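Everything on this sheet refers to the single structure shown next.
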Amino acid sequence: MAAQQWVYAFTEGDGKDKKLLGGKGANLCEMTQIGLNVPPGFVITTQACLDYLAHAERQLPEGLPDEIRTHIRSLEQQTGKVFGGADNPLLVSVRSGSAMSMPGMMDTILNLGLNDDTLSGLIQQTGNERFGWDAYRRFIQLFGHVALGIADSHFDEHFDAIKRQAGVKADIGLDAEHLEEICRLFLEVVEEQTGKPFPRDPYQQLELAVKAVFNSWRGKRAVDYRREFKITPEMANGTAVNVVTMVFGNMGNDCATGVGFTRDPGTGENVMFGEYLVNAQGEDVVAGIRTPKPVSEMADEMPEMYRQLVELRNKLESHYREVQDFEYTIEKGTLYCLQTRNGKMNAAARVRTSVEMANEGLLSREEALLRVEPDMLEQLLHPRLDPEHKSTPVATGLPASPGAAAGKAVFDADRAELLGRAGQKVILVREETKPEDIHGFFASEGILTSRGGKTSHAAVVARGMGKPCVAGAEGIVVNVKARMAAVGETTFLEGDTLTIDGTTGNVYIGEIATVDPEFSDNLKTLLAWSDAIARLQVMANADTPAAAQKAVDYGAQGIGLCRTERMFNAVERLPVVVEMILADTLEERRDALDKLLPMQRGDFKEIFRVMSPRPVTVRLLDPPMHEFLPTEAQLLEELEHLQKLHVNMQGIGELVGSLRLLRPGARHTDMPAPFDVLNADLVAEAITKKRQMLNKVRVLYEVNPMLGHRGVRLGITYPEIYRMQIQAVLEAAAELQREGIDVIPEIMVPQVISPEELKIVKQYTEEVQQQVERHYDVSLNYRFGTMMETVRSTLRAERIAGYADFFSFGTNDLTQAAFSFSREDAENKFLPQYIARGILRDNPFEALDYNGVLKLMNIAVKDGRKVRPDLKVGICGEHGGHPASIRHCHHIGLSYVSCSSPRVPVARLAAAQAMLTEDEYQ
Ligand code: PEP
Ligand code: MG
């Protein structure tokens with residue numbers, strides 16, 4: 001068997017094999033092979049990383065060190081430089097890169113190969129002493145930190161001290177002597193911290209660096225990131241290591257380094273976007289240590305380089321047919337492309353670029369639709385600052401990630417995480433952020449930094465997460481130790497509320513109201529393309545006229561679930577509902593229902609009017625009755641309080657009465673005073689009512705209410721309740737019909753387990769229909785159907801379909817029933833552990849369970865359609881707005897999905913993608 005190949009030169013690696021070479025490595029190979037100017041280098045495969053991590057003794061895989069030597073020799077030949085050579089030394093960078101982009105989550109080392117000998121060679125060769133020492137100090141710190149595990153603070157302390165001594169703010173102000181002194185101190189730091197001298201042999205350096213990069217795959221940062229972004233081993237397993245010949249952007253003023261996007265990742269506009277720094281090394285731009293210049297300035301400062309950069313941008317985009325995020329270095333007038341990857345963008349930019357790239361002919365419409373993650377669209381529904389606000393910003397930074405957010409200022413990521421977990425809204429305020437702050441990002445509403453550009457770590461990460469970010473607000477002086485920040489005369493402390501606007505870069509003290517965003521034309525276009533392709537219709541779950549209007553605005557084709565009990569909960573309705581529940585006789589209950597009827601009819605009319613001519617599915621009452629009553633504990637407490645009050649009032653009444661008797665001419669009949677009697681009587685009456693309620697609560701008590709007297713079981717045992725609701729629906733439809741408004745009500749029965757139940761409710765419906773038609777002199781057009789949310793209903797679908805025009809899967813309850821997991825408790829109790837330990841891959845209340853629930857649904861669809869081939873079948877559980885679940889729904893042939901209004905755009909796009917990727921479904 002041929003020995004495994006662990007290393008590929010950029011000239012030979014397969015640019016499509018990201019799994020083996022990592023995204024960065026594959027792209028470096030591809031760019032080299034399409035003739036872009038990439039410094040020579042090679043990739044050590046992800047397979048080598050996995051092999052290394054699999055062995056406890058942490059040895060590089062057999063054969064790898066030899067392959068590395070062979071490839072280094074090849075680099076020496078290509079560049080004419082020598083690794084470890086004192087005259088013309090070859091220096092390399094060692095960069096991580098897995099199949100999925102994880103910006104900043106793993107380690108990178110630059111200038112590897114430097115030691116005292118090669119340094120003098122570098123200085124001689126470049127004739128630039130300052131440059132040499134600067135490269136060396138960067139290398140010692142980076143290598144010391146990444147490969148030897150020395151905390152940056154040990155180095156920073158010395159660096160800051162020398163800057164102070166020299167009286168300079170930025171490193172660019174330091175001269176060669178300062179930097180030499182820094183190197184001397186740094187080498188001492190390494191010896192002190194590790195007990196060994198700094199490793200001088202470049203091959204030893206390389207081996208340690210490769211191991212450090214491999215280990216960083218298992219580092220906390222990377223593991224947290226993969227967990228948060230659900231990156232599974234199938235998507236990316238292990239990191240590759242890219243060893244690349246160093247080129248320098250910091251050899252003088254004809255050198256520069258920069259990062260760019262082929263289009264603006266904040267807005268999606270078709271303009272080259274990016275920043276650069278003259279006489280600097282790549283990390284300076286990303287780390288936000290110096291604030292870089294916008295790339296447009298290069299057109300004046302280095303016109304020829306700018307022309308080449310535009311050419312590079314055009315080549316990259318037309319080759320990859322995707323917005324690219326690329327890094328480059330200009331070394332003494334030569335432009336090198338150091339990496340490229342698909343650009344991360346916020347939702348607005350992704351939508352705009354998709355539509356524009358399709359219109360430009362760079363992509364097909366189908367490709368454009370597949371380019372947008374459906375979940376991202378929810379970001380577009382994020383609030384922005386109320387345009388009417390009158391607040392003046394205290395500072396302005398760069399608009400690094402759009403959207404507005406308000407929250408309490410916190411000055412470190414740990415505190416942000418703590419408060420965020422406790423449910424507080426926080427804004428993470430930092431001088432600059434680093435990859436280790438990632439948990440603070442997850443917990444915060446938005447990010448504010450006082451240093452760094454639009455491509456700084458803070459900006460890139462916030463954009464990826466769709467969180468607002470203002471970067472480089474230089475007017476703000478952050479004092480983490482004192483937990484405060486100053487902006488001119490103003491200061492704000494940790495805990496003070498801030499508002500940031502990532503669209504303008506403005507920062508405000510205090511909270512500013514926000515308004516909902518509008519749909520952009522690009523989004524409308526993209527969703528119209530989606531609707532033209534999708535087979536699934538998208539409905540909304542909405543219970544009020546306002547929610548119905550939102551559903552229409554978001555493009556819902558109807559309401560798939562209107563939960564009537566939400567209407568019962570309205571403040572003015574609850575007392576009538578309680579009256580209905582407390583009723584001891586049918587007469588009393590009918591009285592209460594008579595009061596409820598016009599209220600429900602009014603609700604339905606408004607909703608139908610908004611939705612006309614789209615269908616509206618009204619679900620009859622579902623929750624157990626006691627949900628409308630207080631709990632036993634609450635009632636007992638209230639009773640105790642009322643009883644005490646009653647005793648006291650009687651006492652006061654007597655007291656007032658005796659005082660009155662003391663008045664001259666008073667008679668005994670004056671006592672007790674009518675006022676006191678009235679109050680005491682009212683309290684007594686309240687006590688009686690509460691006692692009645694308590695008795696009812698005790699009667700209605702169920703050990704397992706979710707499996708109890710609810711849904712259609714209520715309709716069977718209290719037919720008058722369902723009849724009233726059916727009457728309200730049909731009367732609302734009849735009244736609108738007489739106004740000339742088209743309505744298609746759908747009456748839906750919850751919790752059905754048997755065809756008999758449906759038959760009974762259908763019979764009520766037909767009786768009520770006849771009465772209403774007679775009374776209004778109309779002929780009603782409505783549909784009658786059922787929720788499928790019990791396991792038994794899915795297995796009895798064939799018979800049930802005999803009584804139903806439609807089925808709607810209530811996958812919240814169906815999941816609960818299929819798993820025997822309480823939908824109220826599982827997510828807080830054991831599910832997180834089940835997922836962390838791999839017992840379940842996903843939370844089944846979020847992602848439709850492929851192996852269980854979906855099978856039940858499939859049986860029901862097939863059996864139902866045997867009886868009624870035209871049976872309309874949908875889903876209205878939460879899964880109806882979840883893209884992967886929507887794909888399953890498409891596959892089993894559902895007619896529609898229904899989800900909450902803000903998920904409607906997500907579902908529309910997901911439905912189109914399900915259609916487009918139908919052939920790949922497994
Ligand atoms: C369901 O069970 O999926 C459903 C939509 O109904 P509810 O969530 O109201 O029980
Ligand atoms: Mg349900």
Could you list which residues have their amide H under 5 Å from that of Glu431, counting only those 5 or more apart in sequence or on another chain, with H placed in the peptide plane?
-> Ser450
Using only the alpha carbons of the stretch 338-387, determine the length spanned along each of the three principal axes and report them from longest to shortest in whole angstroms.
-> 37, 31, 21
Per-peptide average of other Cβ atoms within 10 Å, ordering 25-33, 238-246, 57-65 highest first | 238-246, 25-33, 57-65
Report, to the nearest whole %, how much of the accessible area of the stretch 783-836 belongs to carbon and sulfur atoms, 1.4 Å probe, protein only.
-> 45
Orientation-averaged projected area, Cα convex hull of the chain (nm²) = 51.3
Bins of 5 Å, starting at 0 and running to the largest distance - Cα pair percent for the stretch 1-112 | 2, 12, 19, 23, 23, 14, 6, 2, 0
Taking the stretch 107-178, the equivalent ellipsoid from its C-alpha gyration tensor has semi-axes in Å, biggest first, of 20, 19, 8
Using every pair of alpha-carbon atoms in the stretch 382-531, split the distances into 10 Å bins beginning at 0 and state the percent of pairs per bin, rounded to integers.
-> 13, 44, 31, 10, 3, 0
Cα principal axis extents for the stretch 144-267, largest first, Å = 51, 45, 28
Output ³J(HN,Hα) for the stretch 323-334: one whole-Hz value per residue in order, computed from phi by the Karplus curve 6.51 cos²θ - 1.76 cosθ + 1.60 with θ = phi - 60°, and x for Gly and Pro.
-> 5, 10, 10, 10, 10, 9, 9, 10, 10, 6, x, 10
Set Lys and Arg Cβ to +1 and Asp and Glu Cβ to -1, take the dipole of the chain about its Cα centre, and tell me which of Ala485, Met580, Ala912 lies farthest positive.
-> Met580
Mind checking which lysines have their Cα closer than 25 Å to the Cα of Lys524? Skip sequence neighbours fewer than 8 apart in that chain.
-> Lys344, Lys467, Lys550
Where the centroid of each part is defined by its Cα atoms, how far is the stretch 220-277 from the stretch 338-413 in Å?
-> 18
Reduced Cα scattering model of the stretch 197-308, Debye log10 I(q)/I(0), q = 0.12, 0.20 Å⁻¹ | -0.69, -1.11
Take peptides 276-283, 348-355, 36-43 and line them up by average Cβ neighbours within 10 Å, highest first, as a rough protection proxy.
-> 348-355, 36-43, 276-283
Quick calc of log₁₀ I(q)/I(0), the stretch 219-261, Debye, one scatterer on every Cα, no solvent, q values 0.17 1/Å, result -0.74
How large are Rg and Dmax for the stretch 301-348 when only the alpha carbon atoms are used, in Å?
-> 11.9, 38
Keeping every protein chain in place, order Glu445, Glu356 by accessible area at 1.4 Å, biggest value first, i.e. largest first.
-> Glu445, Glu356
Mind computing the radius of gyration and Dmax over the alpha-carbon atoms of the stretch 72-153? Å is fine for both.
-> 14.1, 41
Rg and Dmax of the stretch 811-922, Cα atoms, in Å?
-> 14.5, 43
Over all alpha-carbon pairs of the stretch 370-421, lay out the pair-distance distribution in 5 Å bins, whole %, shortest bin first.
-> 4, 11, 15, 20, 20, 17, 9, 3, 0
Structure-based [θ]222 nm, the chain - -39500 (n - 2.57) summed over DSSP H runs of at least 4, per residue, nearest 500 | -14500 deg cm²/dmol
Sorted by chain and then number, the residues having a modelled amide H within less than 5 Å of the amide H of Gly266, at least 5 places away or on another chain, are none
Given N residues in the stretch 523-588, what is Rg(Cα) / (2.2 N^0.38 Å)?
-> 1.71
For the stretch 394-481, divide the Cα radius of gyration by the Kirkwood radius and give the resulting Rg/Rh value with two decimals.
-> 0.92
Please grab the % of Cα pairs in the stretch 446-602 that end up more than 20 Å from each other.
-> 71
What translational diffusion coefficient, in µm²/s and rounded to a whole number, does the Stokes-Einstein relation yield for the stretch 536-630 at 20 °C and a viscosity of 1.002 mPa s, taking the hydrodynamic radius as the Kirkwood radius over Cα pairs?
-> 151
For the chain, the dipole about the Cα centre with charges only on Cβ (Lys and Arg +1, Asp and Glu -1), to the nearest 20 debye, works out at 1920
Which order do Arg415, Arg792, Arg313 take by accessible area at a 1.4 Å probe, largest first?
-> Arg792, Arg415, Arg313
Among the aspartates and glutamates, select those whose C-alpha is under 20 Å from the C-alpha of Lys315, and discard any that sit fewer than 8 residues away in the same chain.
-> Asp14, Glu30, Asp264, Glu269, Glu275, Glu304, Asp325, Glu327, Glu356, Glu360, Glu367
Accessible area per residue in Å² at 1.4 Å probe, computed on the chain | 43
Phi-derived 3J(HN,Hα) across the stretch 499-506 with the Karplus relation (6.51, -1.76, 1.60, θ = phi - 60°), rounded Hz, x for Gly and Pro, is 10, 10, 10, x, 8, 10, x, 7
Using only alpha carbons, build the gyration tensor for the stretch 131-211 and give me the equivalent ellipsoid semi-axes, biggest first, whole Å.
-> 23, 13, 10
From the phi of every residue in the stretch 244-250, what ³J(HN,Hα) in whole Hz does the Karplus formula 6.51 cos²θ - 1.76 cosθ + 1.60 yield, where θ is phi - 60° and glycine or proline is x?
-> 10, 4, 6, 10, 10, x, 10
Listed highest first by mean packing, meaning other Cβ atoms within 10 Å per residue, what order do 827-840, 174-187 come in?
-> 174-187, 827-840
Report, as a whole number in µm² per second, the diffusion coefficient that Stokes-Einstein gives for the stretch 359-398 at 37 °C and 0.692 mPa s using the Kirkwood radius over alpha carbon pairs.
-> 233
Send over the per residue convex hull volume for the stretch 477-522, Cα only, as a whole number of Å³.
-> 102
Under 5 Å, built H, 5+ apart or other chain: amide partners of Val82 = Asn88, Leu90
At a probe size of 1.4 Å, how large is the accessible area of His154, to the nearest 10 Å²?
-> 60
Please list Glu756, Glu702 in order of solvent-accessible area, largest first, computed with a 1.4 Å probe with all protein chains present.
-> Glu756, Glu702
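The values are calculated or read from the model by the stated rules, or taken from the named source; none is laboratory data. Just so it is clear, the model here is predicted, and its values are computed rather than measured. Heads up, the Cβs are rebuilt from the backbone with ideal geometry, glycines too, and the neighbour counts pull from every protein chain shown. With ligands, DNA and RNA removed, areas are computed over all heavy atoms of the protein, side chains included. Shrake-Rupley method; radii C 1.70, N 1.55, O 1.52, S 1.80 Å.
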